[in-house]
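*Asks:* Have a look at this one.
Each value in this text was obtained by applying a stated rule to the coordinates, not by laboratory testing. These numbers come from a predicted model, not from an experiment. Cβ placement follows ideal geometry from the backbone for every residue including glycine, while neighbour counts extend to all protein chains displayed.
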Amino acid sequence: MLQSKLFTKTTKTLPKDETSFNAQTLIKAGFIDKLAAGIYTFLPLGLKVHNNICDIIREEMDNIGGQEILMPALTPRDIWQATDRWENFDVLFKLIGADKKEYALGATHEEVISPLAKKYIFSYKDLPVYIYQIQTKFRNELRAKAGLMRGREFSMKDLYSFHGSEEDLEKYYKDVQKAYFKIFKRCGLLDKTYLTYAAGGAFSKYSHEFQTLTEAGEDTVYICDDCRIAINQEIIKEQNVCPNCGKDKFRKEKAVEVGNIFKLGTRFSKPFNFQYTDGEGNKKDVIMGCYGLGPSRVMGTIVEALHDDKGIIWPEEIAPFRVHLISLKQNKQADKIYNDLQKSNIEVLYDDREETSAGEKFADADLIGCPYRIIISEKTLAKNSVEVKKRNSDKCELIKIDKIVKLFN
């Protein structure tokens with residue numbers, strides 16, 4: 001991508017009501033634009049990062065048997081009434097259509113997936129099944145002031161599993177835990193993310209959250225460093241010892257919830273009379289699990305957790321571009337390096353702007369945060385070389401021009 005042709009530019013102008021660091025930084029760097037509180041446009045750079053996160057999630061969900069669908073965001077009132085959540089789910093956006101019927105914008109999709117799965121699951125032979133989507137969710141949040149970490153409109157991966165037994169649910173529940181940690185490792189958050197015990201759902205003593213440590217977090221967690229697990233603030237009063245080792249020594253930290261998993265049991269199968277026939281011909285309620293992970297929230301959390309005073313430090317797998325190529329003087333050699341990198345499928349943002357100073361180019365590169373920077377100048381060309389610098393390092397290395405492509409392969 002030629003930076004001179006990029007739709008957006010870096011900026012120093014921010015919305016007056018934007019207080020969150022992640023949104024401020026992403027706006028400055030040209031990744032997102034704020035439309036209203038908790039509502040953002042993903043611009044070309046931001047959408048690339050978001051889609052890279054979604055690609056990682058898809059790979060890991062597919063690896064544990066997930067099948068992707070896309071459910072409607074507009075949902076009728078009757079399905080919410082069936083589960084007694086039309087009046088009791090306080091973040092629903094509700095509206096009336098031209099047909100005079102009432103609808104809600106999807107805040108979650110248990111009410112959609114349960115009657116859908118009922119159309120295809122009849123026998124124990126049809127189980128287990130794992131269905132997920134990545135879709136825009138809408139929640140009427142009273143406080144939407146944490147940027148991408150608490151939006152009124154946001155993206156969510158929600159996976160639903162369907163089982164014939166509690167034992168089968170428990171096995172898959174652990175598979176999802178492992179898959180989530182693979183996702184957070186690939187997104188650069190593994191060292192800061194803890195499996196966190198939370199209040200149980202309808203079926204178990206505990207549910208689990210995945211909490212990433214950051215001072216910008218709205219949650220408080222209590223970490224057992226011996227077991228590398230945590231307990232959230234809501235249950236620490238009752239569960240004042242580690243559920244794994246029994247010790248009562250915790251480290252208190254601020255964190256943001258980037259994922260959660262629940263054993264739903266029959267909470268959402270019973271209202272829809274969703275049953276299967278077992279091996280003896282008996283009718284039984286389908287047992288369900290639910291597993292949420294927010295790509296947009298992960299993106300905001302990465303900015304909060306991985307940055308310095310100059311800007312964002314994107315992990316390689318999710319960066320908008322792997323390489324930021326900076327030419328301090330327009331020349332054919334820079335164009336050739338750009339073309340050679342592209343031909344080798346190495347994603348590169350080429351700062352070819354002629355009217356921009358070197359200082360501005362370096363500042364923009366730091367703010368945007370691509371993992372590698374290649375600098376071409378008269379000084380480096382005199383040595384038939386370029387300077388290569390990692391975003392998270394101050395060290396520059398001279399690399400011969402004919403070795404550049406090989407360096408990134």
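*Asks:* Label the range 319-409 by shape, choosing from rounded, prolate and oblate, from the square roots a ≥ b ≥ c of the eigenvalues of the Cα gyration tensor; if a/c is under 1.5 it is rounded, and otherwise prolate applies when a/b is larger than b/c, oblate when it is not.
*Replies:* Note, shape of the range 319-409 comes out rounded.
*Asks:* How far is helix 295-305 tilted off the main Cα axis of the chain, in degrees rounded to 10, range 0 to 90?
*Replies:* Tilt of helix 295-305: around 50 degrees.
*Asks:* Something else: For helix 358-368, report the angle its Cα long axis makes with the longest principal axis of the Cα atoms of the chain; keep it between 0 and 90° and round to the nearest 10°.
*Replies:* Long axis of 358-368 versus the principal axis of the chain: about 10 degrees.
*Asks:* Turning to a different aspect of this structure: Among Ile399, Ile223, Ile56, which one moves the most in a GNM of the chain with springs linking Cα atoms closer than 10 Å?
*Replies:* Highest fluctuation of the listed residues: Ile399.
*Asks:* Another one. For the range 226-360, just say rounded, prolate or oblate: build the C-alpha gyration tensor, square-root its eigenvalues into a ≥ b ≥ c, call rounded for a/c under 1.5, and beyond that prolate if a/b exceeds b/c, oblate if not.
*Replies:* The shape class here is oblate.
*Asks:* Take peptides 210-219, 298-307, 2-11, 42-51 and line them up by average Cβ neighbours within 10 Å, highest first, as a rough protection proxy.
*Replies:* 298-307, 210-219, 42-51, 2-11
*Asks:* Compute the relative contact order of the range 323-407 as a whole-number percentage, counting only Cα pairs closer than 8 Å that sit 6 or more residues apart in sequence.
*Replies:* It rounds to 31 percent for the range 323-407.
*Asks:* Now a separate question. Beyond 30 Å between alpha-carbons counts as too far, so tell me which of Lys332/Lys389; Lys237/Lys284; Lys12/Lys390 fall in that bin.
*Replies:* Beyond 30 Å between Cα atoms: Lys237/Lys284.
*Asks:* Placing +1 on the Cβ of each Lys and Arg and -1 on the Cβ of each Asp and Glu in the chain, which of Asn392, Thr83, Leu116 has its Cα farthest towards the positive end of the resulting dipole?
*Replies:* Checked the options; the winner is Asn392.
*Asks:* About its Cα centre, what dipole magnitude does the chain give when the only charges are +1 on Lys and Arg Cβ and -1 on Asp and Glu Cβ, stated in debye to the nearest 20?
*Replies:* The calculation lands at about 740 debye.
*Asks:* A further question follows. Taking the highest mean first, how do the peptides 169-176, 108-115, 258-265 order by number of other beta carbon atoms within 10 angstrom per residue?
*Replies:* So the peptides 169-176, 108-115, 258-265, ranked by packing, come out 258-265, 108-115, 169-176.
*Asks:* Would you work out which of Pro44, Tyr222, Thr136 lies farthest towards the positive end of the dipole of the chain? Charges go on Cβ: Lys and Arg +1, Asp and Glu -1.
*Replies:* Of the listed residues, the answer is Pro44.
*Asks:* At q = 0.10, 0.13 Å⁻¹, what base-10 log of I(q)/I(0) does the Debye formula yield for the chain when every alpha carbon is treated as an equal point scatterer in vacuo?
*Replies:* Relative scattering, expressed as log10 I(q)/I(0), comes to -0.77, -1.13.
*Asks:* Give the residue from Gln239, His163, Phe93 lying farthest towards the positive end of the charge dipole for the range 7-308; charges sit on Cβ (+1 for Lys and Arg, -1 for Asp and Glu) and the dipole is referred to the Cα centre.
*Replies:* Positive-most Cα among the choices belongs to Phe93.
*Asks:* I've got another one for you. Under the classification rounded if a/c is under 1.5, otherwise prolate if a/b is larger than b/c and oblate if not, where does the range 20-141 fall, given a ≥ b ≥ c as square roots of the Cα gyration tensor eigenvalues?
*Replies:* Oblate is the answer for the range 20-141, as a/c is 1.5 or above yet b/c matches or exceeds a/b.
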